[in-house]
Each structure stands twice: as C-alpha cells, then as structure tokens.
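Taking it in order: structure first as structure tokens, then the write-up.
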Amino acid sequence: MTAQTGRHFLQIPGPSPVPDRVLRAMDMPVIDHRGPEFGKMGLEILEGCRAIFKTASPVVIYPSSGTGAWEAAIVNTLSSGDKVLMVETGHFATLWCKMAERWGLNIDFMPSDWRHGADAAAIEAKLVEDKAHAIKAVMVVHNETSTGVTSRIGEIRKAIDAAHHPALLMVDTISSLGSVDYRHDEWGVDVSVSCSQKGLMLPPGLGFNAISDKALAASKTNKLPRSYFDWQEMLKSNASGFFPYTPATNVLFGLRESLKMLFEEGLNEVFARHKRLAAATRAAVEAWGLEVLCLEPAEYSPVLTAVLMPPGHDADRFRAIVLEKYNMSLGTGLAKFAGKVFRIGHLGECNTLTLMAAISGVEMGLAAAGVPHRAGGITAAMRVLEDASETNAAASLKMAAG
Ligand code: PLP
C-alpha cells in the first residue's frame, strides 16, 4: 500500500514545512528592489531579524544557504593561518571545520563523541593555556542537527570571559534560530550564522550573519579575500533597507510574514512549544524501548530528536518504509551515524497534532519494518502533551480570574 494521498509529513530537521500564510505571502509579483516599497520592507525585515537574534547590532541577509553564511562569517573576520578553536559536536561542526581548513585557518578541533554538546570547561582550559592569545575565534554549533544535541552557548561565553581571552565567539545557529531561545547580545556572540529553512519556516535561500561591534572591527583589518560576501557593501545599502545586489525578493516577502507569525505567537511561547514537542517525542522513544542519541538531558534539542536503531536494523530501510507507507519523511543518519540513526524533526510549523501524527507514523513504521520495540509511544507522547495543555489551561484560567 502506498500512501500518497493527503499531505506529505515533512518531519526532517529542516527544511521544515512552510506555513500556508508564508506561501501566500511569497506568491506575489516581484517588485523593484531599488524602489521605495522594497526599501520600506527591507528596514522592517532587518529590524525583525535583530529581534529574533536578540541583538541591537546589524544582521545581514544573503541569498544563500547556511553554508554561504558560514563562509561570510569566516572571510569577514579572519586571516589565513589564524588559529581557531572548534568543537566536533557532529557532522555539521565537521563540515564547518573543513570549510575553515580550505580557507587556510589553523584549527584546533576538539574531539567529542557526537552525543554531547561543546564542553565549556574544556574550552576554558584551552583558552587559559593560550597565554599569547594566538586563538582568534571559538567556533561552535548551537544546535547540532546531525545529533539532536544543543550546546550551552551562555556557558561557553562564561568560559571565554573566565579565561580573560579576546577570541571572537562565532556560533552556528542554523537549526536553532526561531526555535530555541538564542541571545546574540546577552551571550556576547560576535557572529551568529543562520539560514531560512528551519525555525524561520521559509524555503531554503536566505543566509544570515548577526555581527557584533567587535566582529565589525575585526572585519576592518582581517586579511581573507572576499567580494560578494563583504559585510561592508551589505551594511552600506542596508542602512536604507536596500541590498547591494539583487536580493531574493520573494523569499523576503515570506520572511516578513514568518517574522510576523513568530511575534504574534510570542517568542517565549514558540520556544516553550518546541520544548513540549521534544519532551513528548522523547517520551515516545523511551516507551518504544529505543535510545535517544543525546546523552545529556540539559542538552536535549528542542528542534529534533535523533533515535538510535537497535543493532542489526537499518535506519534508512525503516525510513524508506515510513515514506512508502505513510508519506512521511524522517531525517537520515549522517556521516558516522548513517544507517544507525533516524531523526524526527519537530520544529517550525509543528503543533500537538502534527507531532502526534508523526509519532504514530514512526510507531506504525517500526512495526511494519519489524524493528523490535514496545508499543505505547503514542500514548506516552499524548500524556506529555495533555499534561502540558492542562498546565497551560490552568494558567490561562488563573490569569482570567485574576
Ligand atoms: N549547520 C547546521 C547546524 C545545519 O543543520 C546545516 C544544514 O542542515 C548547515 C549548517 C548547512 O546549511 P545549508 O545546508 O543550508 O548550507
């Protein structure tokens, strides 16, 4: 039986489903990107982006995927041969490291088991050792999408401060922005890197850098060559809401709408919703008798849950069965977890019933694929979400009464 009727369930950890409101906002004639209507929209969007990154500093937007925004962060701040400290939290941290190598940076890549976040104490120890301040940047991935582990950026900031080290802090917030509380200014992040197709609920196509004063100062003296990704060109035009080159106009229409949606729901509620859905997913995994890849409860990702397959069972065969029978895409295991892990995305436009459908699809898929597990994941997830909605309802009643 194939299940191609009804809507497709895109439960990968990005690109995430694009809400109808956003699709409708993008379904518009292209406008003159040098005209007054565009300039007004540009200013509105850039202001909204600053609120999402929680920064008063500039945010720039490129027509690129997240990888382009990684590159922009590197070429605008560093020089060939610069020493940087990176942490091997998973596949995406490894890819960023490879890019840094290609740009001639000298990387101290701190190993990790891909089941924990970046270790702030270990970073502090490295920085304390670096008396000559040779390390120019600490570069970490906030939410490691390959593993479902969220590093604690506030603690990394504290570690850098405790070591009295001047290194820049650069953070990949590609799969956390708009889903997990992120604080560019409060955490003293110098460059935050992100993109459109995850928590911002847009199609792929936009890359972001949020830029601190310190990063901006570094960009005035660093030596790596750049042209298209040069912040200075972008910032000059952005001051009046414009872009130096043709922007991705219709994706920006979508961004204006998705920012509105996030602010209407309220960022705190958006973050709480992601945490609830993640907790329900983990309850299901536990009930199935399977194992969540992330080993540190304080680092469980609100965005996705990576699940280990029992030995001898291929995660990709299971995913293929789920797609064929239930028209649902789950995330594949990446790099060393290929075939061993599947990932359930619960980000962006995902609510209680979306998640319940996804959990049902996984449980039915486990049975269909002959993967040993216990039934009861659906009920376990439901209990978590029911408890959460009771708590919310009680809070609203109390507020109404008060
Ligand atoms: N960093 C993280 C944490 C990611 O999840 C991804 C993509 O999923 C990337 C970087 C690469 O981004 P892109 O594929 O948009 O270039």
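Worth pointing out:
- With R₀ set to 45 Å, the beta-carbon distance separating E265 from V128 gives a calculated FRET efficiency near 0.60.
- For segment 85-243, the equivalent ellipsoid derived from the Cα gyration tensor has semi-axes of 24, 20, 15 Å, listed largest first.
- Note on the chain: antiparallel DSSP beta bridges, both residues inside, total approximately 50 percent of the bridges counted.
- The calculated 222 nm mean residue ellipticity attributable to helices in the chain amounts to -14000 deg cm²/dmol, summing -39500 (n - 2.57) over DSSP H runs of n ≥ 4 and dividing by all residues.
- Taking the chain as a Gaussian network of alpha-carbon nodes connected by springs under 10 Å, the highest mean-square fluctuation of the residues S65, S237, S179 belongs to S237.
- Between 0 and 90°, nearest 10: helix 66-75 axis offset from the chain longest Cα axis: 30
- For segment 46-85, average projected area of the Cα convex hull in nm²: 3.8
- Residues whose placed amide H lies under 5 Å from that of T332, excluding near-sequence neighbours: R343
- Under the Karplus curve 6.51 cos²θ - 1.76 cosθ + 1.60, θ = phi - 60°, whole-Hz ³J(HN,Hα) for segment 207-218, x wherever Gly or Pro sits: x, 10, 10, 9, 10, 6, 4, 5, 5, 4, 5, 4
- Value of Rg/Rh across segment 1-152 [Cα atoms, Kirkwood radius]: 1.06
- Under Stokes-Einstein, with the Kirkwood radius over Cα pairs as Rh, the value for segment 115-154 at 25 °C and 0.890 mPa s is 216 µm²/s.
- With one equal scatterer per alpha carbon and no solvent term, the Debye-computed log10 I(q)/I(0) for segment 168-327 at 0.11, 0.19 1/Å reads -0.64, -1.31.
- Projected label distance in nm at K40 and T332, using a 7 Å step from Cα toward the beta-carbon: 4.6
- Amide H within-cut-off set for C294, under 5 Å, with H built and near neighbours excluded: A306
- Stretch gain in nm, segment T221-A162, where the contour uses 0.36 nm per residue and the Cα spacing is subtracted: 18.6 nm
- DSSP beta bridge pairing in segment 40-165, given as percent antiparallel to the nearest 5: 20
- Pairwise Cα inverse-distance average, inverted: Kirkwood Rh of segment 273-335 (Å): 12.8
- What the phi angles of segment 352-359 give under the Karplus curve with 6.51, -1.76 and 1.60, with θ = phi - 60°, is a coupling list of 3, 6, 4, 5, 4, 5, 5, 5 Hz, glycine and proline written as x.
- Calculated FRET efficiency, Y228 to A375, Cβ-Cβ distance, R0 = 51 Å: about 0.45 to the nearest 0.05.
- Around the Cα centre of segment 96-228, unit charges on the Cβ atoms of Lys, Arg, Asp and Glu (plus for the first two, minus for the last two) sum to a dipole of about 440 debye.
- Gaussian network model of the chain, Cα within-10 Å springs - most flexible of S80, S192, S329: S80
- In plain terms, the chain from E186 to D113 could stretch by 23.4 nm, reckoned as 0.36 nm per residue minus the Cα-Cα distance.
- Going from the fewest other Cβ atoms within 10 Å to the most, the residues S175, S240 appear in the order S240, S175.
- Each distinct pair of alpha carbons in segment 1-45 adds a 1/r term; the inverse of their mean, the Kirkwood radius, is 13.9 Å.
- In terms of distances greater than 31 angstrom between alpha carbons, the cross-link table entries K54/K340; K223/K340; K136/K275; K54/K336; K136/K340; K54/K98 yield K54/K340; K223/K340; K136/K275; K54/K336; K136/K340.
- With 0.36 nm allotted per residue and the present C-alpha distance subtracted, the N106-D314 stretch has 71.1 nm of extension available.
- Largest first, the extents of the alpha carbon coordinates of the chain on the three principal axes equal 60, 53, 50 Å.
- Between H116, H346, H313, the Gaussian network model of the chain with springs among Cα atoms under 10 angstrom shows the greatest mean-square fluctuation at H313.
None of the figures in this text is laboratory data; all of them are computed from the coordinates on show. Model, not experiment: these values are computed from the prediction. Note that each Cβ is placed from the backbone with ideal geometry, even for glycine, and that neighbours are counted across all protein chains shown.
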